Amino acid sequence: MPKVFVTRIIPDAGINKLTRAGYEVHLNPEDRVLQKDELIGLLEKERYDAVLALLTDKLDKDIFKAAGPQCKIFSNMAVGFDNVDLDAAKEMQIMVSNTPGVLTDTVAEHTFALLLAIAHRISEADNFTRAGKYHGWEPMMLLGSDVSKKTLGIIGLGRIGSRVAYHARKGFDMNVIYYDVKRSEDFEREFGATFSSDVEGVLKAADFVSIHVPLMEQTRHLINAERLKLMKKSAYLINTSRGPIIDEKALAGALKSGIIRGAALDVFEAEPKVEPELLKLNNVILTPHIASATEETRDKMAELAAFNIIEALEGRTPPNLVK
Ligand code: GLV
């Protein structure tokens, strides 16, 4: 009976799919991220045919070595795979897969939730009300910013970026400007969108900038102090992709000194740590990497991660291999 190691408690939907396929599932008994040496120890103790891992697991050559030649696949339950050393996996002839598609709507929804929340000052207003500071309607109280008919800048027009653009255009009649390494004239026609051949063009034009690029060496600190200065003073920055794409210290400085008006972040440079300067500011909303965290979507992610394993172990090509 093939054996699968799951690095942390995940929705039953994923575990059940594996057990129904006839696999023996061993689960990290503790509901926490395993330290590298702990994961190595567990993988060396038993021979596993597959590992279902999470974005909080750093999967490098030492881990693949510990898993040994019997292990065919590391299935990452995430769309992002910057936690995986793909070169090392290739060298060790281990397949790596991810879970794209099933979380697109949910992450786009969370992105829009952040965008609306920062523009309408929802967290500030909630704190204000709870603190007993609401003593009656005031004409100048907690004034925010409109979203409808403003310009949304999308950096990275993949599945999630496109879906955010859809909500912006169809729901809020926003103008869309985007940057991507690949231009899509179909997208431009469908959404009346404008292509910018560089990131700078988007930053200068947009009232809201939303980041949707994967983390790679080329995208690390894509948004730095210099680029923040190109944004409008009235603009907002939203990030639901990966934290290191923004220089967090530079962002805190820009928010403090009014270079931009606000930001909403679901991801951080050195998770789970958050730049302490950001914690002091009220023109930033911070959520703890939960953009895909709905019951429905986490079930689907767990099932898809399990399916990639089943396909690999049955000798077929998993649908979401990453190369
Ligand atoms: C979440 O961040 C993911 O990559 O799925």
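Of note:
- Within the range 181-195, the residues that satisfy the criterion of being closer than 21 Å to residue 112 by Cβ and either open to solvent by 30 Å² or more (accessible area, probe 1.4 Å) or of a type in the set (S, T, N, Q) (or both) are 184, 190, 192, 194.
- Of the residues contained in the range 142-152, none is found to be under 24 Å from residue 246 (Cβ atoms) and within 16 Å of the ligand (Cβ to nearest atom).
- Qualifying residue in the range 142-152 (condition: in contact (Cβ under 8 Å) with a residue 60 or more places away in the chain and part of a loop (DSSP other than H, G, I, E, B)): yes
- Which numbered condition residue 321 misses (of (1) touching a Leu at 6+ places or on another chain (Cβ under 7 Å); (2) not assigned by TED's automatic domain parsing to the domain that holds residue 85): (1)
- Restricting the search to strands (runs of 3 or more DSSP E) fully inside the range 219-298 and requiring at least 3 residues that are away from the ligand (no atom under 16 Å from the Cβ) and surrounded by 14 or more Cβ atoms within 10 Å (Cβ to Cβ) gives an empty result.
- Residue match in the range 117-129 (condition: hydroxyl-bearing (Ser, Thr, Tyr), assigned to a helix (DSSP H, G or I), out of contact with any strand residue (DSSP E or B) (no Cβ under 8 Å at 6 or more places or on another chain) and away from the ligand (no atom under 16 Å from the Cβ)): yes
- Residue within the range 202-218 that is in contact (Cβ under 8 Å) with a residue 60 or more places away in the chain and more than 28 Å from residue 174 (Cα to Cα) present: yes
- Single condition residue 211 does not satisfy, out of (1) within 16 Å of the ligand (Cβ to nearest atom); (2) open to solvent by 60 Å² or more (accessible area, probe 1.4 Å); (3) of a type outside the set (Lys, Arg): (2)
- Criterion: open to solvent by 30 Å² or more (accessible area, probe 1.4 Å), assigned to a helix (DSSP H, G or I) and more than 19 Å from residue 312 (Cα to Cα) - qualifying residue of 37, 82: 37
- Members of the range 85-109 found to be away from the ligand (no atom under 16 Å from the Cβ) and in a loop (DSSP other than H, G, I, E, B), listed by number: 85, 92, 93, 94
- Every residue from the range 299-323 that is within 16 Å of the ligand (Cβ to nearest atom) and small (Gly, Ala, Ser): 302, 305, 306
The values are calculated or read from the model by the stated rules, or taken from the named source; none is laboratory data. Because the structure is a prediction, the values reported are computed rather than measured. Quick reminder, even Gly has a Cβ in these numbers, built from the backbone with ideal geometry, and neighbours come from all protein chains shown. Protein only, heavy atoms only, side chains kept; ligands, DNA and RNA dropped before computing areas. Shrake-Rupley method; radii C 1.70, N 1.55, O 1.52, S 1.80 Å.
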